[in-house]
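Enquirer: My questions will all concern the structure given below.
The values are calculated or read from the model by the stated rules, or taken from the named source; none is laboratory data. Just so it is clear, the model here is predicted, and its values are computed rather than measured. Positions of Cβ are backbone-derived with ideal geometry, glycine not excepted, and every protein chain shown enters the neighbour counts.
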Amino acid sequence: MTFEQLNKGWNAHPNAPEVEVTVCGSDVTVSFLLNPYQYDSYHEGDLAHLHFSNALQYRLGAPNDEGFYSYNQSRFKKHGVKWGEFYLVHDSDWQQVFPNPVSVSVQPSEGMKHYLFYFRDETFECIAESYTMEIERVKNDELLFQNNENYRGRTPMKTSKWVIWLSIFGFAFLLASCVKCIVSQKPIDMNKWILLVGKFFCLFFLCLILPAAVLMLLQGLIAGANAFLGELFLFVVWGCVYLCGVFAANSMFKWRARTFG
């Protein structure tokens, strides 16, 4: 019995591969997260789908990594296989030994191949004619930017950092405006202030939160087609948001002047 390692240049996530097995007719697909730490060509969230064609049976179960290393529960360990790898087993004895098989189809066993994959917490085996691999890339602004030929080679803008800072300064401004309105008027008529604060938050929602939600939805659609334009549109979104915030704050000052004279 010999083992041919099939995962060259890729592997499953070492900590949480999130393995899922689906069956469609006589085909079996095992899906899992890829390892972004060992291989620079993959990123956190990238998925791999191994499609096994004309499968006869499969199993997903013991041993896990502890059973492999500490308790010698793998029947293949004596042959020198390594944990966490994907193998094609030549001269396999699967017809005699195959624990807890899940039957997929009834067909002749001639020409069937034995595939073996050691994941973080379980072992996957499949008897099938062949397999193909499909990579599903994670979709985020930076990766879309990198994959866009029109902007290849440029440095993408770090959306998360500047959005966070804009949020901090913007909400600090609105909070300071609200506090200034409250402390600058003495004595305080609570009924009038409750009405004033209610008006402010209604205006804040209509002029700030609602437009921001709509604009961010549009930005997501644009970013899906072109990440660079999506980033530029995001600048426009936040510019509009803060203009609305300034309008809400100024309206509150005017309401205060009309309410308290």
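Enquirer: Can you tell me which residue among 125, 142 is modelled with pLDDT of 90 or more and either over 29 Å from residue 25 (Cβ atoms) or assigned to a strand (DSSP E or B) (or both)?
Expert: Working: 142 fails: modelled with pLDDT of 90 or more.
After ruling out the rest, the residue left standing is 125.
Enquirer: State which residue is nearest to residue 112 (Cα to Cα) when the search covers only the range 1-22 and only residues that are of a type in the set (Val, Ile, Thr) and surrounded by 15 or more Cβ atoms within 10 Å (Cβ to Cβ).
Expert: For the range 1-22, the residue satisfying everything is 21.
Enquirer: Is the range 107-117 home to any residue that is surrounded by fewer than 16 Cβ atoms within 10 Å (Cβ to Cβ), touching a strand residue (DSSP E or B) at 6+ places or on another chain (Cβ under 9 Å), polar (S, T, N, Q) and assigned by TED's automatic domain parsing to the domain that holds residue 29?
Expert: Yes, the conditions are met somewhere in the range 107-117.
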